[in-house]
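One structure coming up, written as structure tokens, with questions to follow.
The values are calculated or read from the model by the stated rules, or taken from the named source; none is laboratory data. This one's a predicted model, so the numbers in the text were calculated from it and none came from an experiment. Don't worry about glycine lacking a Cβ; one is built from the backbone with ideal geometry, like all the others, and counts go over all protein chains shown. Calculation scope for accessible area: heavy atoms of the full protein, side chains included, ligands and nucleic acids excluded. Shrake-Rupley method; radii C 1.70, N 1.55, O 1.52, S 1.80 Å.
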Amino acid sequence: MKLARIQTVSGPRVVVISSDGKKFCQTFRADSGGEADMESLIGELVASGSKLTAPPGDADWKSLDGVKLLAPLSPRRNVICVGKNYHEHAKEFQQSGFDSSSKDGEHAPPYPVIFTKAPTSIIADGEPVDAHRQITSQLDYEAELAIVIGKGGKAIPKSEAWNHIFGYTIVNDVTARDLQQQHRQWFLGKSIDTFCPMGPWLVTADAIDAANATIQCRVNGELRQNANTADLIFDIPTLIETLSAAMELHPGDVIATGTPAGVGLGFKPPKFLQPGDVMEVSIDGIGTLTNVVA
Ligand code: MG
């Protein structure tokens with residue numbers, strides 16, 4: 001099932017999206033008028049042990065045309081991110097000269113590389129990424145599969161990890177490469193306002209084979225990234241085990257799993273983003289997240 005947040009006259013609402021992505025159903029909780037945020041819905045479902053009911057009949061669907069989509073989540077905590085988690089991308093990053101984090105000759109990290117993006121960087125599908133030309137001239141895209149935690153927990157073993165996932169969404173980990181390099185730390189160059197496009201919606205865990213999904217990024221229609229999540233260096237259970245050993249995970253937490261090869265800095269010369277560029281990130285079973293650089 002696809003779940004989105006839309007803007008209504010009475011505020012944000014969580015809605016069900018039709019399988020073709022063209023319609024929405026206002027609510028599956030007629031008594032309450034619907035949930036305002038995804039985290040509350042996930043927390044409630046986890047606490048009650050209940051499942052979402054199937055979407056209602058044809059008459060209850062409305063067209064998404066003209067409806068403002070919001071990012072599917074509005075987390076209070078930072079978006080947790082994994083760096084250098086595909087072999088080919090780790091290699092292109094290490095060889096680009098922009099990587100101030102790896103040892104000489106080291107193409108793949110021995111442990112997951114973890115950083116975060118501020119929640120204030122999140123924007124929705126269709127919203128513009130502000131190029132921030134006054135502080136960066138090396139703007140880059142990163143297509144990523146993002147995990148949405150359902151049942152929280154600490155010290156979750158790999159064998160239990162899949163049971164803690166509510167669903168998945170798409171994140172474009174937009175990055176200012178010059179800031180990432182200059183500051184020798186990734187938070188600043190990745191947490192700039194508007195640098196975390198997320199959406200267009202989330203899909204529940206049953207709707208996608210997250211361990212074997214095609215992930216692609218196009219810029220102005222040109223295919224730049226084309227990989228499969230099966231190629232993750234540290235797979236989803238390993239990431240959840242590693243993170244939850246250190247910090248309690250909560251319902252609605254977002255974990256972006258890393259980007260494959262084909263980012264702008266990997267080209268010779270690099271293909272950094274310019275105002276007007278259209279980024280489209282697609283993942284099988286979820287959909288396409290589209291944002292323009294402004
Ligand atoms: Mg990334």
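Taking 0.36 nm per residue of separation and subtracting the Cα-Cα distance, what length does fully extending residue 246 through residue 9 add?
Values: separation 237, 0.36 × 237 = 85.32 nm, distance 4.10 nm.
My answer for the length gained is 81.2 nm.
Another question about this same structure. Under a cut-off of 12 Å between alpha-carbon atoms, report the aspartates and glutamates in cross-link reach of residue 51, not counting same-chain residues fewer than 8 places apart.
Straight-distance partners of residue 51: 206.
Before anything else, pin down the relative contact order of segment 96-175: Cα pairs under 8 Å, at least 6 apart, normalised by residue count, whole percent.
On the way: 54 pairs, mean separation 22.7, N = 80.
Across segment 96-175, relative contact order equals 28 percent.
What are the ³J(HN,Hα) values, in whole Hz, obtained from phi via the Karplus relation 6.51 cos²θ - 1.76 cosθ + 1.60 with θ = phi - 60°, for each residue of segment 63-72 in sequence order, with x given for Gly and Pro?
5, 7, 3, x, 8, 7, 7, 9, 4, x
List the aspartates and glutamates whose Cα sits under 17 Å from the Cα of residue 23, skipping any in the same chain fewer than 8 residues away.
58, 60, 65, 125
Further, regarding this structure: Output the 0 to 90 degree angle, nearest 10, between the alpha-carbon long axis of helix 236-246 and the longest principal axis computed from the alpha carbons of the chain.
90 degrees
What net charge do the residues around residue 110 carry, taking every other residue with its C-beta under 12 Å from that of residue 110, with Lys and Arg at +1 and Asp and Glu at -1?
On the way: positive: 84, 103; negative: 106.
Local charge sum for residue 110: +1.
Now for a separate question. Rounded to the nearest 10 degrees, what's the angle between the helix 87-96 long axis and the longest principal axis of the chain, both from Cα atoms, 0 to 90?
Between helix and principal axis, roughly 40 degrees.
Tell me, what ³J(HN,Hα) does each residue in segment 248-263 have, in order and in whole Hz, if you take phi through Karplus 6.51 cos²θ - 1.76 cosθ + 1.60 with θ = phi - 60° and put x for Gly and Pro?
5, 8, 10, x, x, 4, 10, 10, 7, 8, x, 10, x, 5, x, 5
Per 5 Å bin from zero, what fraction in whole % of the C-alpha pairs of the chain is there, up to the bin with the longest pair?
P(r) over the chain, rounded to whole percents: 1, 6, 13, 17, 19, 17, 13, 8, 4, 2, 1, 0, 0.
By how many nm would the segment from residue 88 to residue 103 grow when fully extended, if each residue of separation counts as 0.36 nm and the alpha-carbon distance is taken off? Spell out each step's value before the answer.
Values: separation 15, 0.36 × 15 = 5.40 nm, distance 1.66 nm.
Separation in residues times 0.36 nm, less the Cα-Cα distance, equals 3.7 nm.
Keeping all protein chains in place, calculate the accessible area per residue for segment 225-273 (probe 1.4 angstrom), answer in Å².
Details: 1700 Å² over 49 residues.
It amounts to 35 Å² per residue over segment 225-273.
Please list, ordered by chain and number, the residues whose modelled amide H lies under 5 Å from the amide H of residue 156; skip anything fewer than 5 residues away on the same chain.
Sorted by chain and number, the residues that satisfy this are 244, 245.
Enumerate the calculated ³J(HN,Hα) couplings along segment 140-151 in order (Karplus 6.51 cos²θ - 1.76 cosθ + 1.60, θ = phi - 60°), each rounded to whole Hz, writing x wherever the residue is Gly or Pro.
My calculation for segment 140-151 gives 9, 10, 8, 6, 9, 7, 10, 7, 10, 6, x, 5 Hz in order.
In addition: Per residue, what accessible area does segment 171-221 have, given a 1.4 Å probe and all protein chains present, in Å²?
In whole numbers, segment 171-221 has 35 Å² accessible per residue.
Please list, in chain and number order, the residues 5+ apart from residue 114 or on another chain whose amide H is under 5 Å from its amide H, with Hs placed from the backbone.
83
Of all the accessible heavy-atom surface of segment 107-243, with the other protein chains kept in place and a 1.4 Å probe, what percent is carbon and sulfur? Intermediate values should be presented prior to the final figure.
On the way: 2500 of 5190 Å².
Looking at segment 107-243 in its full context, I get 48 percent from C and S.
Need one value: the accessible area of residue 25 in square angstrom, 1.4 angstrom probe, rounded to the nearest 10.
0 Å²
For the full complex of protein chains and a 1.4 angstrom probe, list 190, 2 by accessible area with the highest value first. Show your work: numbers first, answer last.
On the way: 190 0, 2 35 Å².
The residues order as 2, 190, largest area first.
If you don't mind, there's one more thing I want to ask. Cross-link partners among lysines for residue 84, C-alpha distance below 26 Å, same-chain residues fewer than 8 apart left out?
Within reach: 103, 117, 154, 158, 190, 268, 271.
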